[in-house]
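J.: The structure is given below, and queries will be raised subsequently.
Derivation of every value follows stated rules applied to the coordinates shown; laboratory data play no part. Values in this document were obtained by computation on a predicted structure and should not be read as measured data. Don't worry about glycine lacking a Cβ; one is built from the backbone with ideal geometry, like all the others, and counts go over all protein chains shown.
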Amino acid sequence: MTSRKIVLTFPQKLVDQPIVYKLIKDFNLVFNILKASIKPDEEGLMVLELTGENVEIEKGIKYLKDQGVAIQPLSKDIVVNWETCVQCGACVALCPTGALYVKDRQTMEVAFDSEKCIACELCIKPCPPRAISARY
């Protein structure tokens, strides 16, 4: 079993179709929606983590492309400059996945688990010393 994070961009004509459902049904994939913005009559955006056999992931991605969905790997990373960080914890409260967390309650030391990060960027704005940034 492998896992891949991808960004899907749905054309307006596909936002009301059960396209992602077929990833489960036809390709035996498990998906976790990390971020989504899908509205009727507009282009849709979804960040997914796909888990399954590599061959099935590739087949599922091909199916999505054949349907007209634009696919790209999640290509940005969140970077924390620990020399600038003042350990205030403002980022921890906003992190939806727990990628930023308090490592030690005694010292209130903040830590970062990049494997949990979905690069939603919610942590960047509230950081007082601007120690968090996105790298593309």
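J.: Which whole-number percent gives the relative contact order of the range 1-118, counting Cα pairs below 8 Å spaced six or more residues apart?
T.: 25 percent
J.: So if each residue of separation counts as 0.36 nm, and I subtract the Cα-Cα distance between Met108 and Ile33, what length gain in nm does that give?
T.: Additional length available on full extension: 24.0 nm.
J.: Taking the structure as given and computing semi-axes √(5λ) of the Cα gyration tensor in Å, which label from [x] 33, 17, 12; [y] 30, 18, 12; [z] 24, 17, 14 fits?
T.: Here the calculated entry is [x].
J.: Tell me what the chain gives for mean residue ellipticity at 222 nm when only DSSP H runs of n ≥ 4 count, each as -39,500 (n - 2.57), the sum divided by the residue total, rounded to 500 deg cm²/dmol.
T.: -4500 deg cm²/dmol
J.: Let me ask something additional. Please list, in chain and number order, the residues 5+ apart from Leu29 or on another chain whose amide H is under 5 Å from its amide H, with Hs placed from the backbone.
T.: HN-HN under 5 Å from Leu29: Ile24.
J.: Can you give me the Cα centroid spacing of the range 49-115 and the range 20-41 in angstrom?
T.: Taking the Cα centre of each part, the range 49-115 and the range 20-41 sit 18 Å apart.
J.: Taking the chain as the reference, fit the longest principal axis to its C-alpha atoms, fit the long axis of helix 54-66 to the helix C-alpha atoms, and give the angle between the two in degrees, 0 to 90, nearest 10.
T.: The two axes meet at around 70 degrees.
J.: What does the charge count around Glu56 come to, taking other residues whose C-beta lies under 13 Å from its C-beta (Lys +1, Arg +1, Asp -1, Glu -1)?
T.: +2
J.: Here is a further query. Mind giving me the FRET efficiency for Thr51 and Ile124? R0 is 25 Å, r the Cβ-Cβ distance, nearest 0.05 is fine.
T.: 0.35
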